[in-house]
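Remarks on the structure that follows.
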Amino acid sequence: MNKLSLHKTQEWTREILKDYFIVDGNTLTAELYYDTFAELIDQNMGNDKVEKLNEILFDKINEILTLVPRKYQIHFLIHIRDLGEYEFEEVERILKQNLMLKIYGFTLERKRRHITSLSLLFGGVLLLLASYFLSRLEWPQIIFDVINISGTLLVWEAADVSLIERNEEIKKVKQYVTKFKDIRLVQDEPKKE
C-alpha cells in the first residue's frame, strides 16, 4: 500500500470514528448510556459487599476495543440516569472492581489454556510413542492406526490451543492494557415526566 492511500485510509477511518466517538488526537472517548445501574448488575452473583456486573457493559466495551484501531487510547464515559440505592462513588468503585475482575478472568483463562495445551501435547506424544513401539509387534494394523491418529490429533489440538486460541486471549488482555485509558461514571439527570 503506497503512502498516499495509507494516508487516505487513515483519514477515512478517522472520519468514520468521529461519527460514533469523540476523537481528540490519539484519544477516543466512547460514551455508553444506561437508564439504571440495576440493569448492569448480575442478580445471580455477588453479595451485600460486592456487586458483580453482567456482560451487557463488557460486551459493549469489548466491541469498541475491537472496533477501534490500535493507535487510539479509549476513554469510556458510562452515563447512568438512575443509580438507585447506590452512591456515585460506590458505583465508580464497583465499575473499576469489575474491570479488574474481567482482566483477572482473561489472565486465568490464559493459564487454563496453557495447562490444557501442555496436557494435550503430553498425551499426544505418549500415544505417538506407543504407536511407534506397537508397530513392531504382531498386532493388527488397525490398533496401530487408531493410536497413531489419536496421538496426532492430540498434538494438533495442543498446537491449536497454545498457538491460536491463546493468541486470542493475549489479544484481549493487550487491548485492555494498551487501548483502555480510563473509565468514568457520569450521572445524568433523570428524565422529567
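Residue-level check: of (1) in a helix (DSSP H, G or I); (2) surrounded by 15 or more Cβ atoms within 10 Å (Cβ to Cβ), ILE80 misses just (1). Of the residues examined, GLN175 is one that is at pLDDT 65 or above, open to solvent by less than 100 Å² (accessible area, probe 1.4 Å) and closer than 13 Å to PHE106 by Cβ. In the condition set (1) at pLDDT 85 or above; (2) open to solvent by 60 Å² or more (accessible area, probe 1.4 Å); (3) of a type in the set (A, V, I, L, M), ILE142 is compliant with all but (1). In summary, THR29 fulfils each of the numbered conditions (1) farther than 30 Å from GLU15 by Cβ; (2) surrounded by 12 or more Cβ atoms within 10 Å (Cβ to Cβ); (3) among the hydroxyl-bearing types (Ser, Thr, Tyr) with the single exception of condition (1). Checking each residue in the range 49-66 for being closer than 30 Å to ILE16 by Cβ, loosely packed, with under 14 Cβ neighbours inside 10 Å and out of contact with any strand residue (DSSP E or B) (no Cβ under 9 Å at 6 or more places or on another chain) picks out ASP59, GLU63, THR66.
Looking across the range 14-26, the residues that are open to solvent by less than 70 Å² (accessible area, probe 1.4 Å) and assigned to a helix (DSSP H, G or I) come down to ARG14, ILE16, LEU17.
The values are calculated or read from the model by the stated rules, or taken from the named source; none is laboratory data. Computed from a prediction, not measured in an experiment: that's the story for all the values here. Cβ coordinates were reconstructed from backbone atoms using ideal geometry, including for glycine residues, and neighbour counts include every protein chain displayed. Quick note on the areas: whole protein, heavy atoms, side chains included, nothing else; ligands and nucleic acids left out. Shrake-Rupley method; radii C 1.70, N 1.55, O 1.52, S 1.80 Å.
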